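Since every read-out is calculated from the coordinates, none of them should be taken as a lab result. For clarity, every value in this text was computed on a predicted model and none was experimentally measured. Heads up, the Cβs are rebuilt from the backbone with ideal geometry, glycines too, and the neighbour counts pull from every protein chain shown.
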There are 2 protein chains.
Amino acid sequence: MSNKLTIGMFGFGVVGQGLYDIIKTKNLNLEIKKFVIKNADKKRTLPADLFSTDAETILADPEINTVVELIDDAEAAYKLTVRALKSGKNVVSANKKMIASHLEELVDIQHEYGTSLLYEGAVCGSIPIIRNLEEYYDNELLHSVSGIFNGSSNYILSKVFNENQQYADALKKAQELGFAETDPTLDVGGYDPKFKVCIVASHAYGIYVKPNDVFNIGIDKLGQQDIRFAKEKNLKIKLIPTAKEIDGNKVVLYVLPRLVGKESMLYNVENENNGVLVKAAFADEQFFYGKGAGGHPTGSAVLSDIAALRYGYRYEYKKHLESSALNYSQDYLLKVYLRYTDDQLIEKLNFSEITERYYAADFKYVIGSINLQQIAAHKADLDQEGNFIAEIA
Amino acid sequence: MSNKLTIGMFGFGVVGQGLYDIIKTKNLNLEIKKFVIKNADKKRTLPADLFSTDAETILADPEINTVVELIDDAEAAYKLTVRALKSGKNVVSANKKMIASHLEELVDIQHEYGTSLLYEGAVCGSIPIIRNLEEYYDNELLHSVSGIFNGSSNYILSKVFNENQQYADALKKAQELGFAETDPTLDVGGYDPKFKVCIVASHAYGIYVKPNDVFNIGIDKLGQQDIRFAKEKNLKIKLIPTAKEIDGNKVVLYVLPRLVGKESMLYNVENENNGVLVKAAFADEQFFYGKGAGGHPTGSAVLSDIAALRYGYRYEYKKHLESSALNYSQDYLLKVYLRYTDDQLIEKLNFSEITERYYAADFKYVIGSINLQQIAAHKADLDQEGNFIAEIA
């Protein structure tokens, strides 16, 4: 009943190797014919004739019907994904930046060429959130999808909060463990979770929003005062991307640190784990939890996509067909905590309401309501050392 | 692209009504043509000609291609499900007892007649665990699937643990809220979660085990001493069904109260919520959380099944085809806490090892290792007032 897959794989890093480890224990009616890698000189654990540095050995091989793309470089990944899809090959990718940046075009190409692009591994590692949004919540009105989408920054926050480690030490440890991207700004600056929430939004709400149009700010300016503030109130700080329907016709997307209390399922998501909260009109609150990073967890998601391709599986993007009424918006009032240095920042930000103000020699903060548009317009200021902003749930 | 569904629905209780509420807000290419109900005299919120007390108005109507079965009576549900499947109608059911008791036969009928039986709503309400086991973990080696599968007993445990309520009061409240079955033994005695874990086991491991062959004991003998014991150790007691692979060729199934610590995702599952823990070889630990009971949550799962039938969806029972090597077993060593009254019980139970013993005038317990076979052989003794057994994680 299943179609035999002949696979060409780009990349043989931690995910690729994890995947190969999984596949070799199975009888899956599939064969990996070729790996294309960047560095020919690196020692490999598999026979040399499986490897090539020439993309054409995969892209021009008519026998290869499935491309698995696991490389870092989003632009290179984009080019080879487009080429593969247009030449009748299905593609599995875990490259969130590539997918988020080009999603609308990639959906069009799938329709035009009748090929399938699957990318469960691109969002929250092992958690099957895309598949569930596609298949299970396809008729649900979703109030919001949010959560902990970035294992590396969550690992740092756990170490800083629970073990009183210094931010810089925790970041270094995350990098050593392989959780963090080569450029840590992608993680701790909230870019990686932004790519993921853009992908999620397309399956949850049927809208395609470019990552550049979405506000993100991260945890890299987190200070000891913020941690003390949170702990005194029995809260933790987590980095949370949010996709949320408002007013029945708009969807807001943003990435912000958030002060989270014990009553939230996200409070207990620690270290490199991810958690996705889905609030649905009828199913009510649902939560998915699992490893967000690492070769085997991400490899298992990629394998699940590969296995599904044997049965001709493709995303239907059903919500997009129904959702012409939904528009992306940044016009949304948020309650925030803001630690700041320069009083002028508060004036500039044009809070709708300030409900608390605190002054001390070395620590000033306000709590109040502010429009997301205001926050987005002043990202450069908020990103300055001495300022830290977090949403209050 | 989707097939028009003409639906006959058996039952119009809390789930049926919830479902109707959901469907009427959607444009789903489906029509509910007839409800068959037991009591003709009850006042209904919909036009009278939609209702009948005669099952034939659905089963003998060739226009009806989809049967949604939401009645309490498992034997009646079984008969009409078989009849519908054999006459070319697909069936959606939320009747865990019916499915668990007849699963192997129902799978055979589906294959023979080319019809589809879906039952996501039968297991953990809104949580899409069956779909994920079928579609997402189909190539994963699963170490175990366990969790909180019964909203009613979990509600009682939450009230007893967190609000110091009396067991009897909490049970009464659960019944008033509609979480508990008419016969509370099904919930608090661990039968309802047993039905569910049997269904889960078929999708996780491909084995069909009759509920009667699976050991269950519940929380109805829980006493103040047990609660104090747990609280002193910062543990909670939860009622946990477990399906677990052991020794690479056996699967054990059982339902037992368990002492659960803060490090477990199940620790924070409170009230009528459910949580499913999946431990997988490559994906690692995954957790699904959501409402386990109630008209809308369960209705949303049933709707998801109905919607999937429009696209010809059916469970493939893939693991069953691969799993001839797995056998059901009760030969498994458990670590347990046992409060007891009669010293002879301890002798009878034939512990493999006792590591702790405590005696007081009104409270005696042992902690030790014991084979599940021993526990199952002495269920009648363990069910006596004055005894309470719980697994230690």
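Structural remarks
- Fully extending the segment from A:VAL107 to A:ASN27, taken as 0.36 nm per residue of separation minus the present Cα-Cα distance, adds 25.7 nm.
- Among A:PHE288, A:LEU333, A:VAL366 the positive-end extreme of the charge dipole of the stretch A:242-393 (Cβ point charges): A:PHE288
- In loop segments of the stretch B:253-305 as defined by DSSP, the GluC sites (Glu not before Pro) with at most 11 further C-beta atoms inside 10 Å of their C-beta are B:GLU263.
- Across the copies of the chain, B:TYR267 has label points (7 Å from Cα along Cα→Cβ) spaced 1.2 nm apart, shortest distance listed first.
- Distances in nm from A:VAL14 to the matching label points in the other copies, shortest first (labels 7 Å along Cα to Cβ): 4.6
- Fraction of antiparallel bridges per DSSP, the protein assembly as shown only, in percent to nearest 5: 65
- Here r is the Cβ-Cβ distance between B:LYS335 and B:ASP54 and R0 is 56 Å; the resulting FRET efficiency, rounded to 0.05, is 0.55.
- The distance from the alpha carbon centre of the stretch B:1-70 to that of the stretch A:222-265 is 43 Å, rounded to a whole number.
- For the stretch A:30-187: rounded, prolate or oblate by the Cα gyration tensor [a/c cutoff 1.5]: oblate
- Label point at A:GLU356 placed 7 Å out along Cα→Cβ; residues across the stretch A:209-236 whose backbone nitrogen lies under 19 Å: A:222-236
- Computed over the stretch A:1-154: relative contact order in percent, which uses C-alpha pairs under 8 Å that are six or more apart: 18
- Think of each Lys and Arg Cβ as +1 and each Asp and Glu Cβ as -1; about the Cα centre, that makes the dipole of the stretch A:330-393 roughly 120 debye.
- Overall form of chain A per C-alpha gyration tensor (a/c, 1.5; a/b vs b/c): prolate
- With Cα atoms defining each centre, the stretch A:357-393 and the stretch B:310-371 are spaced 54 Å apart in the structure.
- Over chain B, relative contact order from alpha-carbon pairs under 8 Å, at least 6 apart, %: 18
- Amide H contacts under 5 Å for B:ASN371, placed H, 5+ residues apart: B:LEU334, B:SER352
- Rounded if a/c under 1.5, otherwise prolate or oblate - the protein assembly as shown, Cα gyration tensor axes: rounded
- Taking amide H as placed 1.01 Å from N in the peptide plane, A:HIS143 has its amide H under 5 Å from the amide H of A:LYS279, A:ALA280, A:ALA281, each at least 5 places away in sequence or on another chain.
- For the stretch A:330-393, relative contact order (Cα pairs under 8 Å, six or more residues apart, normalised by length) works out to 48 percent.
- Shortest-first nm distances, A:THR25 label point to equivalent points in other copies (7 Å, Cα→Cβ): 4.2
- Applying 1/(1 + (r/R0)^6) with r as the Cβ-Cβ distance of A:ALA376 and A:LYS42 and R0 = 41 angstrom yields a FRET efficiency of 0.45.
- A helix-only calculation puts chain B at -10000 deg cm²/dmol for mean residue ellipticity at 222 nm, using -39500 (n - 2.57) for each DSSP H run of at least four residues, averaged over all residues.
- Under 14 Å, Cβ to Cβ, from A:GLY299 - net charge with Lys/Arg +1 and Asp/Glu -1: -3
- Comparing mean-square fluctuations of A:ASP21, A:ASP247, A:ASP183 from a GNM of chain A with C-alpha springs under 10 Å, the top value falls on A:ASP247.
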